[in-house]
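Scroll down for the structure; my scribbles are underneath it.
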Amino acid sequence: MAQLPKDKLPTEKNISSSSSTEEAANFVPPHIFRQVVEQSALAISITDAHASILYANPAFQRTSGYELHEILGHNESLLSYRVTPKLVYETMWAQIKRQRPWNGLLVNKRKDGSRYLAELTISPVVDEQGNTTHYLGMHRDVTEVHRLERQVQNQKTLIESVVDVAQVAIVLLDEQERVLLDNQEYKKLIGDLGKEPATRLLAAMRTQMGKAFDLAQSKHHNIAAREVCVELTNRAARWFSCAISWFEEQDVGADAFYEPSRRHYLLLTIQDISELKRQQEAIRINSLRALLSEQERIQGLRETLAGAVYQLEGPLNMLAAVSNMLERRREPGSELPAATALEEAIQKSHEAVETLRACIPDQTSETMQSVNLNDILSDMLKLCTASLLGAGIVVEWQPQPNSEAVLGHPAQLSNLFKQLIANAVEAINEQRGPRRELRIACVTRPDCMEVFIEDSGPGISDELRFKVFQPFFTTKSATQQHLGLGLAMAQDVVARHGGTIDIDPDFRSGCRVRVQLPRATGDSHV
Ligand code: FAD
């Protein structure tokens with residue numbers, strides 16, 4: 001290659017800041033320009049002002065498949081496949097006629113008839129008088145680039161339509177948890193839960209999983225389906241099964257070309273399982289109802305037999321007293337056949353009472369376990385819903401947030417609170433006043449869990465406050481089928497759990513029963 005003489009080479013001295021491109025061109029010998037064009041990888045052509053080809057470089061010949069002699073003197077339209085809209089050419093010509101470069105895409109046809117997409121730039125060449133004398137055309141085959149772009153676009157459209165028709169809500173979030181993509185089901189959730197469901201559900205998952213969530217997030221580990229509950233004001237809570245998966249994308253920015261960096265995206269899939277949960281809950285409550293009614297039946301039998309034993313023991317004791325009296329009055333050595341017969345009758349009666357006592361069924365054995373009183377109380381309220389609604393009773397239920405567990409027998413505790421709620425409902429019905437209120441609260445104390453059951457019934461007088469816990473004590477008439485064992489049974493259950501039950505003497509607008517049960521984590525007596 002020819003070298004410029006040393007004095008013609010550009011130096012700091014001979015390049016002034018005002019040097020024009022023309023001056024700069026003087027530093028390059030004219031034949032270099034020709035070589036640049038000849039050896040360029042771009043298809044370059046030079047035409048006259050009417051687009052007749054005057055020159056085409058080897059790359060042009062390779063791209064179009066024409067030999068030079070086949071195209072010289074021909075219009076560039078030789079390459080047109082005739083599907084490019086007329087408007088494109090009109091715009092192109094309007095632009096270059098105004099001596100402005102034009103850039104665009106044309107569908108070209110090679111000599112062999114095959115088509116290619118040409119990305120063409122046309123630059124007008126203007127003489128010293130300001131006339132366009134020539135056009136410089138530079139194009140490259142971008143068919144493959146276009147094919148890949150279209151393929152990506154098609155795949156994106158396909159994925160979007162599949163995601164859109166999916167029956168689960170799907171949402172894609174960036175690392176700042178901003179929504180990038182969502183589907184129709186997710187949009188429905190926005191209508192139901194308000195903006196932004198993903199933020200709400202992720203917060204619920206974080207609370208539920210604690211550190212495990214942060215760990216999975218930092219390591220981009222997938223999280224399998226988790227059931228999450230969303231509380232809604234004035235509406236039933238909704239349940240969702242949420243799963244998280246991550247995918248990473250290479251940064252497509254120019255900065256990341258040689259230093260690849262990855263971006264992580266969070267894909268959250270959400271399935272509404274509220275209906276399933278409702279069904280499961282209904283089944284659970286029904287089984288609980290069946291279990292408690294079986295226990296009630298056994299308890300009823302226990303009460304009836306215990307009552308019968310109690311009732312028989314009274315007269316028997318009297319007979320025993322009479323027999324003792326007769327024995328004391330008997331002359332020594334004399335026989336008193338009636339006394340002997342009485343003695344025998346008493347003996348037989350004792351045996352009958354013992355047989356009856358042996359028939360009293362045992363309390364059903366149940367393993368001691370960690371029990372959440374909030375859950376038990378809300379279950380019992382659910383079981384009593386029909387009777388509460390039927391009696392028009394207003395219920396105020398105050399569960400203890402993050403309540404501590406107690407160690408106990410779930411069925412016995414369930415029966416205990418069911419009994420206390422039933423007593424309260426009965427007392428409210430008895431009062432028939434305008435206030436028909438039942439208030440239940442669960443409170444965590446330093447060493448125990450405390451449950452209050454308050455009703456707006458007639459209340460219990462001071463003199464009866466302790467008596468009501470005695471077996472067979474009842475304020476109800478015999479016709480009301482009350483044995484007076486309900487509170488005795490309640491006290492028995494509470495005592496077996498190492499707790500206490502009492503009636504608040506200071507509560508005057510009805511009855512307030514207070515149950516204290518030792519906490520499982522504390523010094524349990526159970
Ligand atoms: P034409 O009848 O030639 O033109 C269609 C419309 O273009 C007309 O209605 C008119 O509005 C406008 N037009 C055409 N010629 C002129 C003109 N001389 N002055 C003003 N307006 C005009 N075309 C390709 O298809 N592929 C190429 O690779 C290609 N490369 C080109 C490179 C250069 C440097 C130049 C200057 C043009 C190039 N062209 C190319 C455009 C080509 O010259 C034709 O204009 C085009 O192919 C349309 O041809 P046609 O016979 O279908 O319609």
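The values are calculated or read from the model by the stated rules, or taken from the named source; none is laboratory data. Fair warning: this is a prediction, and the values are worked out from it, not measured in the lab. Using ideal geometry, Cβ is built from the backbone for each residue, glycine included, and neighbour counts are taken over all protein chains shown. Surface accessibility is based on the protein's heavy atoms, side chains included, excluding ligands, DNA and RNA. Shrake-Rupley method; radii C 1.70, N 1.55, O 1.52, S 1.80 Å.
Computed values, structure above
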read-out: Among the residues listed as 65, 73, the single one being farther than 21 Å from residue 115 by Cα and either more than 10 Å from the ligand (Cβ to nearest atom) or surrounded by 13 or more Cβ atoms within 10 Å (Cβ to Cβ) (or both); value: 73
read-out: Those residues of the stretch 420-437 which are assigned to a helix (DSSP H, G or I), touching a helix residue (DSSP H, G or I) at 6+ places or on another chain (Cβ under 8 Å) and under 14 Å from residue 385 (Cα atoms), in sequence order; value: 421, 422, 425
read-out: Selection from the stretch 438-481 of residues that are of a type in the set (Phe, Trp, Tyr), at pLDDT below 95 and either surrounded by 15 or more Cβ atoms within 10 Å (Cβ to Cβ) or not in a loop (DSSP other than H, G, I, E, B) (or both); value: 469, 473
read-out: Candidates 54, 106 - the one that is in contact (Cβ under 8 Å) with a residue 60 or more places away in the chain and either assigned by TED's automatic domain parsing to the domain that holds residue 121 or near the ligand (Cβ under 9 Å from one of its atoms) (or both); value: 54
read-out: Top-ranked residue of the stretch 82-101 - restricted to ones that are among the hydroxyl-bearing types (Ser, Thr, Tyr) and within 7 Å of the ligand (Cβ to nearest atom), ranked as most open to solvent (accessible area, probe 1.4 Å); value: 89
read-out: Tally of residues being in a loop (DSSP other than H, G, I, E, B) and surrounded by fewer than 17 Cβ atoms within 10 Å (Cβ to Cβ) across the stretch 186-202; value: 2
read-out: Residues being β-branched (Val, Ile, Thr) and either more than 52 Å from the chain's Cα centre (by Cα) or within 10 Å of the ligand (Cβ to nearest atom) (or both) - total across the stretch 122-158; value: 5
read-out: First in the stretch 274-302 and touching a residue at least 12 places away in the same chain (Cβ under 8 Å), second anywhere and exposed (fewer than 13 other Cβ atoms within 10 Å of the Cβ), Cβ under 7 Å, 6 or more apart; value: 298/361; 301/361; 302/361
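Okay, residues lined up against (1) near the ligand (Cβ under 10 Å from one of its atoms); (2) open to solvent by 50 Å² or more (accessible area, probe 1.4 Å):
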{"site": "35", "(1), (2)": "no, yes"}
{"site": "80", "(1), (2)": "yes, no"}
{"site": "114", "(1), (2)": "no, no"}
{"site": "120", "(1), (2)": "yes, no"}
